[in-house]
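The values are calculated or read from the model by the stated rules, or taken from the named source; none is laboratory data. Keep in mind the model is a prediction, meaning the values are calculated, not measured. Counting neighbours? That spans all protein chains shown, and the Cβs are built from the backbone with ideal geometry, glycine included.
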Amino acid sequence: MKHTIQTIVLVTSLVFATSAFASGVLVGAKGAVNLSLPNGKATAAKTGVELPDGSKISVGKGGSASVMLMDGAIETLGSGQKYTVGQTDKSAGKRTVIDGIAIAMNEATASSSGPTVHGMVKMGQLGPGAPKPGIISAAGNQGLFAVYPINTAIGAAKQLTFKWNGGTQLKITNPTFIIEDGAGTRIVSMRADPAKGEVAADASKLLPGNKYSWYYAADEHGKLLQKSRRFDFAVISDAEKKKLEGDIARVNSLDMSEDGKKFLTAQLYYRTRMVDAMVKELLPLWRTNPSDAVKRLLYMGYVKMGQTKEALKYQ
């Protein structure tokens, strides 16, 4: 029995490597860009390379490079310029500061570790010094496994498609899809078959800046019975939307590769608690330009949304 318990702990305590977020991350490189780490070893200049203090960047004729630092500053280097991470270098280019843009990288490399319940991590639980995400298999759980939206913030919309899997395991009579606000007030109530895996629901009453949850239940003459698990999500506020749009426009105005813009935009989504949007932004980048930083962010994103199977692909 003791051996079995130890095996379970070993399997379920899947966490990140212990290294902390480096002082910078290369977020864009075009043309001739030479990159060397503090030990002098040259490395490929691709989006997502983590750069400890002392890493050196040298840009050749006609090239450009950009580095995101821990404080949210983005150092942009042009043709013929050089930069050493952690030092003030007069030959470096201009600096753009976007508040909070490095929070995702900081949280993805938090210093301690520990498993979560049902593979879930509450919004805001992670942070410098907080537990890293871990996974506990949900194979023994019955019912719905949410795919979207769960533990993520979304933009306001007139209609939303809610998605899940495992609905064939949910055996309830008169299946009813429910959305409630943070106070438990029912916002949406509609008949829908959980076995279909998704439902399009009226989202016009979901207000910006508010928190909600959705689930299935049996509606027995107005009384809700046989409830599934609840899945939390939120709608970003109008102020958050305005700031997000403004910062995305700033990123798109920077002189860097499209990969770099995708990487930075993903950080902006995460800062706005839009974990699902961050993952969608990073997936194409991972397929064409995989790096440790992108892998770490995808792992954290899927863990925060409780999608164990997907997270394991980036362990």
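What to note about this one:
- Selection from region 274-287 of residues that are within 8 Å of the chain's Cα centre (by Cα) and either within 9 Å of Gly301 (Cβ to Cβ) or outside any helix (DSSP H, G or I) (or both): Met274, Val275, Asp276, Met278, Val279
- Qualifying residue in region 29-41 (condition: in a loop (DSSP other than H, G, I, E, B), within 22 Å of Ala266 (Cα to Cα), under 29 Å from the mean Cα position of the chain (by Cα) and not aromatic (Phe, Trp, Tyr)): no
- Considering only residues in region 44-90 that are under 19 Å from Ile101 (Cα atoms) and of a type in the set (S, T, N, Q), the one that is surrounded by the fewest Cβ atoms within 10 Å (Cβ to Cβ) turns out to be Thr76.
- Applying the set (1) surrounded by fewer than 23 Cβ atoms within 10 Å (Cβ to Cβ); (2) under 17 Å from the mean Cα position of the chain (by Cα); (3) closer than 30 Å to Lys171 by Cβ to Arg271 leaves exactly one unmet item: (3).
Yes/no matrix, rows are residues, columns are (1) in contact (Cβ under 8 Å) with a residue 60 or more places away in the chain; (2) more than 21 Å from Thr152 (Cα to Cα):
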{"position": "Ala192", "(1), (2)": "no, yes"}
{"position": "Gly197", "(1), (2)": "no, no"}
{"position": "Tyr212", "(1), (2)": "no, no"}
{"position": "Leu225", "(1), (2)": "no, yes"}
{"position": "Asp247", "(1), (2)": "yes, no"}
{"position": "Gln267", "(1), (2)": "yes, no"}
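- Residue check: Ser257 meets all listed conditions (1) surrounded by fewer than 16 Cβ atoms within 10 Å (Cβ to Cβ); (2) in contact with a strand residue (DSSP E or B) (Cβ under 9 Å, 6 or more places away or on another chain) but one, namely (1).
- Test: residue in region 182-201 that is over 23 Å from the mean Cα position of the chain (by Cα), more than 29 Å from Gly143 (Cα to Cα) and modelled with pLDDT under 95: no
- Number of positions in region 19-28 that are surrounded by 18 or more Cβ atoms within 10 Å (Cβ to Cβ) and farther than 14 Å from Val85 by Cβ: 1
- Filter result (surrounded by fewer than 21 Cβ atoms within 10 Å (Cβ to Cβ) and touching a residue at least 12 places away in the same chain (Cβ under 8 Å)) within region 274-289: Leu283, Pro284, Trp286, Thr288, Asn289
- Residue satisfying all of: in region 205-253; surrounded by 13 or more Cβ atoms within 10 Å (Cβ to Cβ) and among the polar types (S, T, N, Q); farthest from Phe145 (Cα to Cα) among these: Ser237
- Boolean, Tyr302 is over 25 Å from Thr96 (Cα atoms), assigned to a helix (DSSP H, G or I) and aromatic (Phe, Trp, Tyr): yes
- Residue pairs meeting the criteria (Cβ under 6 Å; at least 6 apart or on separate chains; first farther than 23 Å from Leu282 by Cβ, in region 36-55; second of a type outside the set (Gly, Ala, Ser) and in a loop (DSSP other than H, G, I, E, B)): Pro38/Pro52; Asp53/Val85; Gly54/Pro38
- Among the residues here, Arg296 does not qualify as surrounded by fewer than 21 Cβ atoms within 10 Å (Cβ to Cβ) and over 24 Å from Gly78 (Cβ atoms).
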